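Everything below concerns the one structure shown next.
The values are calculated or read from the model by the stated rules, or taken from the named source; none is laboratory data. Computed from a prediction, not measured in an experiment: that's the story for all the values here. Here the Cβ positions follow ideal geometry from the backbone for every residue, glycine too, while neighbour counts run over all protein chains shown. We work out accessible area using only protein heavy atoms, side chains counted, and drop any ligands, DNA or RNA first. Shrake-Rupley method; radii C 1.70, N 1.55, O 1.52, S 1.80 Å.
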Amino acid sequence: MASAKRTSTTGKQIKSPADDAPTDDPVLVKALKRYDESYEYQRSNWHKRWDRANKLYDNERVDAAYKGTTDTFVPMTYQTIETMTSALNNANLRFDYESGDPMKRVDPAPLNALVEEYWDQGQWDLELEEDYRETFIDGMVAHMLAWDIDHPELESFAMRDAIVDPTIKKPADLQKAGSYAGRRYHVRKGTLETYEVVDTDLNSKTYGELIPRFNLESITNAPGGINNGQPDDKAVKEMFAGSTLGSAADDQDELIEIWDIDRVVTMRNRTDVIENIVNPYKERHQMLLEKRFQAEIDAKLESGGYVDVQGYPDMETYEKESDAVKSRATSEAKGLVPFFFLRNLRRKSLFYAKGEIESIAKEQELLNDFTNMEADYIIRQLAPQKELDPEYEDWIDLITNDPDIVYPFKPGSLKDRDTPVLPANSFNNRMNIKAEIRETTAIDQIAKGQQAKGDITATEVNAQLAGTGQRIESKARIFEKDGLYWWGYILFRLIQLNVDRPLVVETFDAKQDRAAMLEKYGIDLPPGAAIFDPADYQEDWKPRIVLDVEAKSKEREQMEQARESYQILIQDPTNNLEEAKKRLYPKMFNIDKGDLQAIMTAPAQPMLPNAAPAPAVVPPGVPDGQ
């Protein structure tokens, strides 16, 4: 069942790993074919882009048109990426979930608090900083969320190690039948036996216990590779690319793990299928549905819902519906592909996205070339080349720059060569290239912390910062609606499937009555605590992702609208100005309410000699005594 050989754009046949797979293992053939589809698409369209972007970020020349004495690099790419990364990293990320059913009134605060606990426990904020940087460099970064006994685990990896169905166009396609995603990674030889998972098979004697994850009985003694024998050098290099060990082929195994909504397959060294199981989240969902459907049927029986025409219990219908529970749960169970991707500059109908460096790569190299040319010119001015009369050519090796040495030459036999005049606009040319890079990325020099030279008005500063802020806010919105949304979606599905008992969480936002919680759960909640009950969150919930950079932008807009409204209202003397202050000042100024109240309160009237103190003037709308 070997796959047909593919043909490249040049007409040459390309050998696929699936072509050398054992013909008696269709699972291995299919898995290798999926991996090969993903790898070949990346190699043909993205590997060179990623290599160039990473080299330019690391201040390495990629396409030098001028090669002289000086070899310097102007780190504009590094500055751009770090400025963008710090701008987003300084914005706090917040997951706020809301029910997909507007008629279902369930307090989301316990759910949000549980997610915050997982976030702090996994130190995901540190992970996010690296994710932003990689996304701006390469355009994408891959993640996998997995459930580890009682909490979620987040793993990030470069796109070179990601396996993605090349036919998908948007992240939602990964959760559809036929699509797939996965990862490639290395482990030390002999450690596969230590990988364990919880047995979720209800019919297994070890249900709920830790069991070995991989089936190692069918592993061949082949040294690894795609040929079930001694692999060629190219196959070994490809298989262990990215390894940090010098003898990776001897000390490590390559694992390729591919998920779809129905099954999970893992290969070792492209020769052995060591895992071929039902999608564990689909299996878990099916088990929960069976319990839920059976509980509904039992509750209906207890309430007298099964009766025949004569009023007697209709056990036949009850048993018939009970027998159909498993098939119903099987048909309704949904698998989960737990991979999501942060994407930067997206294109319509393309899943892969571009990084920031790709748009400025040529300008960066041009800037490097001009900078090196100017440096070489200065070197020639300070240490000019010399001309020597051919009559004295035997002296060439003895000539130095020591000014105290006198040579027995005719006057004019040894002299400095004329150096061309540096064009007057050379410096401006470099500045223009820098300006073009900043305009392309919308990262203005003021946002980078550099002081602008020359006269610049406050309006110009605000305009430049606004342009930078708009680009960052636009990226924040993209991340909120795209990669971060799917992060929240997958995380909530994992919570739904794996949290099976009430948990006490820390939050001051929950609207729970302590007495009611004590009566229902037997837990006396301290202040600032609430109970997360998974039974309250079994329906569809939608993650609403908020980056503070976006929230602060909206807050500034509201403050500006309040100021404009106030300016219009005070123009009409018939309006109640004191009431306008009371209602609009809190929206106009981001200061403490107590301080604002003190400012709005009129001062007490001075006391007259031998007279009672004048009554204090209380602003309209403020109750007496406050």
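Per-structure values
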| quantity | calculated |
| --- | --- |
| Cβ-Cβ FRET estimate between LYS410 and LEU245, R0 fixed at 45 Å, reported to 0.05 | 0.10 |
| Förster radius 51 Å - calculated FRET efficiency between LEU577 and LEU126 (Cβ-Cβ, nearest 0.05) | 0.50 |
| Placed amide H near GLU196: partners under 5 Å, 5+ positions off or other chain | ARG213 |
| Rounded percent of accessible protein surface that carbon and sulfur make up, the stretch 280-334, 1.4 Å probe | 50 percent |
| Shape call, the stretch 32-109: gyration tensor on alpha carbons, a/c limit 1.5 | oblate |
| Prolate/oblate/rounded call for the stretch 77-198, Cα gyration tensor, a/c under 1.5 rounded | rounded |
| Out-of-range pairs (alpha-carbon distance over 21 Å; input LYS291/LYS334; LYS33/LYS176; LYS326/LYS542; LYS348/LYS475) | LYS326/LYS542 |
| Charge sum, other residues only, whose C-beta stays under 12 Å from LEU210's C-beta, Lys/Arg counted +1 and Asp/Glu -1 | -3 |
| ASP298-THR194 pseudo-label distance in nm [points 7 Å out on the Cα-to-Cβ vector] | 4.2 nm |
| Where labels lie 7 Å past Cα in the beta-carbon direction, separation of LYS67 and VAL27 in nm | 5.3 nm |
| Accessible area (Å², per residue) of the stretch 59-114, counting only protein heavy atoms and a probe of 1.4 Å | 52 Å² |
